[in-house]
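To keep things clear, I will list the structure first and then write my remarks on it.
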Amino acid sequence: MNGNPVFALAGNPNSGKTTFFNLLTGLRQKVGNYPGVTVERKWGTLNLPSVSVDLIDLPGTYSLSPKSEEERIAAEVVAGVREDLPPLHGVLCVVDATNLERSLYLVLQILDAKVPAVVVLNMMDEVSHRNGSLDPKMLSRLLRVPVYPISARSGEGVQAVQVHLEKWAKHPATTPPQAPHLLEGPNLKEVQTRQARATQISRSVTRQGLAPHPWTDKVDAVVLHPIGGSILFLLVVLLVFQSIFTWAKPLMDGLQTLISLLGAFLSSHIPNVLAKSLVVDGVLAGVGSVIIFLPQILILFFFIGLLEHTGYMARAAFVMDRVMSRIGLQGKSFLPLLSSYACAVPGIMATRTIENRRDRIATIFIAPFMTCSARLPVYTLLIGAFVPNHRVLGHWLGLQAAVLLGLYLLGFLAAVVTAAALKNSILKSDPIPFMMEIPPYRLPTVRTLLLLMWDRSKVFLRRAGTVILAVSILLWFLLAFPRAEAARDIQASYAGRIGTFLEPAIKPLGFDWRIGVGLVSAQAAREVIIATLSTIYRVGAPGEHATIREAILNHVTPLTGISLLVWFAFALQCTSTLAVARRETGGWKWPAGMFLFMTGIAYLSCLVVFQAGKAMGF
C-alpha cells in the first residue's frame with residue numbers, strides 16, 4: 001500500500017460493489033493475490049482534495065463467517081489481523097437497494113463486530129425506476145451509521161461519499177474491532193437473530209415495494225429455456241467469434257504497419273550488425289509479432305465483460321448445468337470453466353466455490369482444455385494464413401470464424417469426455433444439487449467495460465514486456481551463436497541443435513526443428529511460439545519476410561498448420577497453469593497427470609491428423 005488511510009469495500013455479489021470501486025479509483029488500480037492464497041486482491045487509490053486514500057475491493061460475500069477462502073480473507077481484512085495489510089480506517093458496506101434484506105445481514109455482521117462503517121445504498125436509480133421507495137434516513141437511524149444513497153452506474157450521490165471519506169480519513173474512529181467475534185463465526189441462534197433484525201429493518205425502511213421488471217420474465221422464458229436458451233447461447237458465441245476477426249483486422253493491420261515502420265527506422269539507424277539483429281530480428285520481431293494480436297484480446301474481453309455484467313453469464317451457467325450434470329459435474333463447475341476461456345489460472349482458482357473435492361479436482365483437471373486467450377493469437381495466425389475467408393452464413397459467419405469456433409468446441413468436447421471418464425472412475429461421487437443466484441438484467445457502464453479491457457491489456461502487454469521479451473532475447477542468442485565465418489546455417493546454432501534433437505519425435509506430426517524449438521519455448525506461455533517462429537525466420541533469412549504470416553505461408557504447409565492447430569487445442573503449454581494446479585490440489589500428482597494426459601492426447605491427435613491427411617494426398 002502507499003501509506004495512505006485504508007478503507008475496504010464490502011458487499012454481496014451483484015451489489016455493484018466493483019462498479020463503485022471502479023468509479024472511485026479509475027485507472028489507479030492494482031490486481032494481485034493475497035500472500036499465500038489464490039484469492040484475488042484488488043486495490044486502488046482515490047485522490048481527494050486534501051488527502052489520498054487507498055481502497056480495497058473485498059471478495060463479494062454474503063457473510064464474514066469463514067466457510068470459504070474468500071470469506072476468511074474478507075473477515076481477516078475487516079478485522080485488521082492480516083500482516084500484509086495495515087489496519088483499516090473503516091469499511092464502506094455497499095448494499096443493493098433492490099435486495100435490501102439480503103444485503104443487511106453482512107452489514108449487521110460488520111456493525112456487531114464494532115467495525116467503523118458506513119452504508120452505501122447502491123442502485124437507488126433502479127428503485128425509482130421500479131416505483132419503489134426506501135427511506136435512507138430511517139435506515140441510518142436504525143443502523144446508527146451514516147447511509148448514503150447512490151447510483152454507481154450514473155455517479156449520482158457519490159460526491160457525498162467522497163466528502164465523508166475525506167473527513168473520515170483525517171479523523172479515524174478509535175474503537176478497535178472485535179476481531180475474535182468475526183473470525184470465530186456465529187452460532188445458529190446468532191444467525192437467526194441477525195436475520196430477523198435484517199428482515200425487520202428492511203420492512204421498516206421500505207415505503208413501497210419494487211414493481212417487478214416488466215420484461216425480465218419474458219426474456220428469461222427464452223434465455224433459460226432448455227432448447228431456446230441453448231440456441232441463443234450458440235448464437236452469442238458465433239457473434240463473438242465473428243467479431244474477433246472482422247472488428248480486429250483494421251486495428252491489427254495498423255499495428256503491423258507501425259511495427260514494420262519502426263523496424264525499418266531502427267535498421268537504418270543502428271550501424272552495428274549484431275546489435276541491429278538483436279533489436280530488429282530478436283526483440284522487435286518477437287515481441288511485435290505478439291502485440292499485433294492485442295485488438296483481438298480486447299474484443300474478446302469486451303464481450304466477456306458485457307455478458308457478465310448484464311447478468312447473462314449466470315443464466316448461461318443455469319442452461320449449461322444440464323450438460324454438466326450429464327458428465328457427472330455440477331453447474332458450479334461451469335463458471336470456473338467459463339473463466340478458463342480467459343485464462344486457466346483464475347479458472348482453477350474459481351473452483352474453490354465447489355464444495356465436493358472430487359468435483360473440484362475433476363474441474364481443475366479439465367480447465368486447461370478450455371481455449372484460453374493465450375491460444376487466440378496462435379489460432380488466428382494459422383487460420384488467417386491457411387483458411388480462406390469465405391462466407392458460411394452470409395454476413396453473419398465467415399469460414400475463418402467457423403474454424404475458430406470449431407477449435408473452441410474441440411477443446412470443450414475433450415473436456416467433456418475427460419470429465420465423464422474421470423467422474424465414472426477414479427473421481428466418482430454422488431451428484432449435488434446446483435444452486436446459484438440469478439442477478440437482474442443490468443446494462444454495464446462504459447467505464448466498467450473499458451477498465452476491464454484496460455486490465456486485460458495490461459496483463460497481455462506485461463507478459464509481452466517480460467516473458468515474451470526474455471524468451472525473444474534468449475532465443476536470438478541461441479539462434480545467433482555459435483556464429484559461422486560465412487553464410488550462417490541457423491540449424492547449427494544452439495537453438496537449431498535443440499530442435500534437431502527433437503525433430504525425430506515430432507516429424508511424424510508434420511513438425512520440423514523450427515516448430516520443435518517453438519513448442520519448447522511455448523511452455524513459458526502459449527503465444528510465445530509466435531515470437532519464436534518470427535525470430536527464427538527473421539534470423540535465418542533477414543529481410544526475407546515482412547510479417548510472421550508471410551513466413552508461415554512460405555515455410556509451413558497447410559497440413560502442418562492444421563496439425564499445429566490441433567496440438568494447441570489439446571496440449572498443456574503453460575507453466576503458470578501447472579503451478580496453480582499444484583497449489584490448489586496440494587501436490588504434483590494431479591498437475592503431472594494433467595500434463596502427461598494432455599500432451600499424449602495432443603501427440604496422438606496430431607499423428608492421426610497429419611498421417612491421414614498425408615495418405616489422402618494433402
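Nothing in this text is a laboratory measurement; each read-out follows from the coordinates by a stated rule. This structure is a prediction, so every number in the text was calculated from the model and none was measured. Using ideal geometry, Cβ is built from the backbone for each residue, glycine included, and neighbour counts are taken over all protein chains shown.
Structure data summary
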| quantity | calculated |
| --- | --- |
| GluC sites (Glu not before Pro) lying in DSSP loop within segment 50-83, provided at most 13 other Cβ fall within 10 Å | GLU83 |
| Three-way shape call for segment 388-471 based on the alpha-carbon gyration tensor, with the a/c threshold at 1.5 | rounded |
| Euclidean distance of C-alpha centroids, segment 81-103 and segment 1-27, integer Å | 9 Å |
| Whole-angstrom gap from segment 218-252 to segment 257-333, using each part's C-alpha centre | 20 Å |
| Prolate/oblate/rounded label for segment 49-128 (Cα gyration tensor, a/c 1.5) | oblate |
| Dipole of segment 188-273, positive end: most advanced residue of LEU262, VAL273, GLN195 [Cβ charges, Cα centre] | GLN195 |
| Under-5 Å amide H pairs with GLY510, H placed in peptide plane, nonlocal only | none |
| Considering only the chain, percent of DSSP beta bridges that pair antiparallel, nearest 5 | 45 percent |
| The chain: angle of helix 188-205 to the longest principal axis, Cα-based, in degrees nearest 10 | 80 degrees |
| Proximal charge balance of LEU338 [Cβ under 13 Å; K/R count +1, D/E count -1] | 0 |
| Cβ charges +1 (Lys, Arg) and -1 (Asp, Glu), total dipole of the chain, debye | 380 debye |
| Around ALA525: net Lys/Arg minus Asp/Glu count, Cβ-Cβ under 12 Å | +3 |
| Degrees between helix 575-585 axis and first principal axis of the chain (Cα, 0 to 90, nearest 10) | 40 degrees |
| Computed helical MRE - 222 nm, the chain, DSSP H runs ≥ 4 contributing -39500 (n - 2.57), nearest 500 | -18500 deg cm²/dmol |
| Nearest-20 debye value, segment 226-345 charge dipole, Cβ charges on Lys, Arg, Asp, Glu | 300 debye |
| Computed FRET value (nearest 0.05) for LEU262 with LEU393, which takes r as the C-beta separation and R₀ as 51 Å | 0.85 |
| Per-residue Cβ neighbour rank within 10 angstrom, fewest leading, TRP590, TRP513, TRP567 | TRP590, TRP513, TRP567 |
| Net charge contributed by nearby residues that have their C-beta within less than 12 Å of THR535 (K/R +1, D/E -1) | +1 |
| Cα-Cα separations in segment 6-208 greater than 22 Å, expressed as whole percent | 45 percent |
| Rounded to 10°, Cα long-axis angle of helix 446-465 versus longest principal axis of the chain | 40 degrees |
| Cα centroid separation - segment 589-617 against segment 354-402, whole Å | 17 Å |
| Relative contact order (%) - the chain, alpha-carbon pairs under 8 angstrom, separation at least six | 12 percent |
| Calculated FRET value between LEU274 and HIS225, using beta carbons and R₀ = 56 Å, to 0.05 | 0.30 |
